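So the structure is just underneath, and the comments pick up after that.
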Amino acid sequence: MAYLSPLLHDPSVASLVPSSKYIAERVVEAVSPERAGVVVELGPGEGVITHRLLRALPPSGRLLAVERNRDFMPALRQISDPRLNAVEGDAGALGCHMARAGLLRADAVVSGVPMSLLDLAGRRRILEAVRNALKADGRFVAYQVTPKLIPLLKERFRRVEVRFELRNFPPLFVFSCRR
């Protein structure tokens, strides 16, 4: 599916193309899903990173993918893996999505939500939902076009690491945070 149609219908879609294999690897490396029981992915789009997370997730693991844009849902629902639960909804309502899926806390949350396109209140709402969803030593990994999110991350997480992946269009910052 081309990203042009979703981009035209939803200004919160931040890219014309899916994530590259390089950004997917960088994100999955930061998440360490092989040691996780529960991973949540916010804004999975067509599921490039979703597929990679599932390859690394243990057989007993669970992946909750929350996508706001209904144009991407058919691609996510075509992924045939019993560990995946793809739902249409808002990232700020993460707690509700987790409760409906029977999940108490996440070992890791991955976000491709383009935070720079949200107002400050929207960014704060999502980051609070993420922090509340994570286990005590949980990881939050976000990939973003700008470093604009760093101050808000440092307010909410005890450790924030920043890496940059040039082999993606557009190039992205990857923030790896510990609760």
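The values are calculated or read from the model by the stated rules, or taken from the named source; none is laboratory data. Since the model is a prediction, treat every value here as computed from it, not as a measurement. Ideal geometry is used to build each Cβ from the backbone, glycine not excepted, and the neighbour counts take in all protein chains shown. The protein model used for the area step is the full one, side chains on, heavy atoms only, and it has no ligands, DNA or RNA in it. Shrake-Rupley method; radii C 1.70, N 1.55, O 1.52, S 1.80 Å.
How do L42, L166 stack up against each other in accessible area, from largest to smallest, with a 1.4 angstrom probe?
Listed by decreasing accessible area, they come as L166, L42.
When only Cα pairs under 8 Å and 6 or more residues apart are kept, what is the percent relative contact order across the chain?
This gives 22 percent for the chain.
Quickly estimate the mean residue ellipticity at 222 nm for the chain, helices only: each DSSP H run with n ≥ 4 gives -39500 (n - 2.57), and the total goes over all residues, rounded to 500.
On the way: 7 runs with 59 residues, N = 179.
Taking each H run of at least 4 residues, the total per residue is -9000 deg cm²/dmol.
Of A142, G47, C177, which is farthest towards the positive pole of the chain's charge dipole, taken about the Cα centre with +1 and -1 on the beta-carbons of Lys, Arg and Asp, Glu respectively?
Toward the positive end, the furthest listed residue is C177.
Note down the accessible area of V174, probe 1.4 Å, to the nearest 10 Å².
0 Å²
Report, to the nearest whole %, how much of the accessible area of segment 90-139 belongs to carbon and sulfur atoms, 1.4 Å probe, protein only.
So the carbon and sulfur contribution to the accessible surface is 54 percent.
Given labels modelled 7 Å from the Cα in the Cβ direction, how far is it in nm from Y22 to D119?
3.7 nm
Please compute the per residue accessible area over the chain with all protein chains in place, 1.4 Å probe, rounded to a whole number of Å². Kindly include the intermediate steps, with their values, before the conclusion.
Details: 8590 Å² over 179 residues.
With the other protein chains kept in place, the chain gives 48 Å² per residue.
Quick one: what are the phi-derived ³J(HN,Hα) couplings along segment 64-69, Karplus 6.51/-1.76/1.60 with θ = phi - 60°, whole Hz, x for glycine and proline?
In residue order, the calculated couplings are 9, 10, 10, 10, 7, 8 Hz.
Could you work out what % of the accessible surface of segment 12-88 is carbon and sulfur, using a 1.4 angstrom probe and leaving DNA, RNA and ligands out of the count?
Of all accessible area on segment 12-88, carbon and sulfur atoms account for 49 percent.
How much accessible surface does E161 have with a 1.4 Å probe, in Å² rounded to 10?
My reading of the accessible area for E161 is about 90 Å².
What is the dipole size for the chain, taken about its Cα centre, with +1 at each Lys and Arg Cβ and -1 at each Asp and Glu Cβ, in debye to the nearest 20? Walk me through the numbers on the way to the answer.
Values: 27 positive and 18 negative charges, 128 e Å.
With only Lys, Arg, Asp and Glu charged at Cβ, the dipole is about 620 debye.
Would you mind calculating the relative contact order of segment 73-179 from Cα pairs under 8 angstrom and at least 6 residues apart, reporting the percent as a whole number? Can you show the working numbers first?
Details: 154 pairs, mean separation 26.0, N = 107.
Once divided by the residue count of segment 73-179, the mean separation gives 24 percent.
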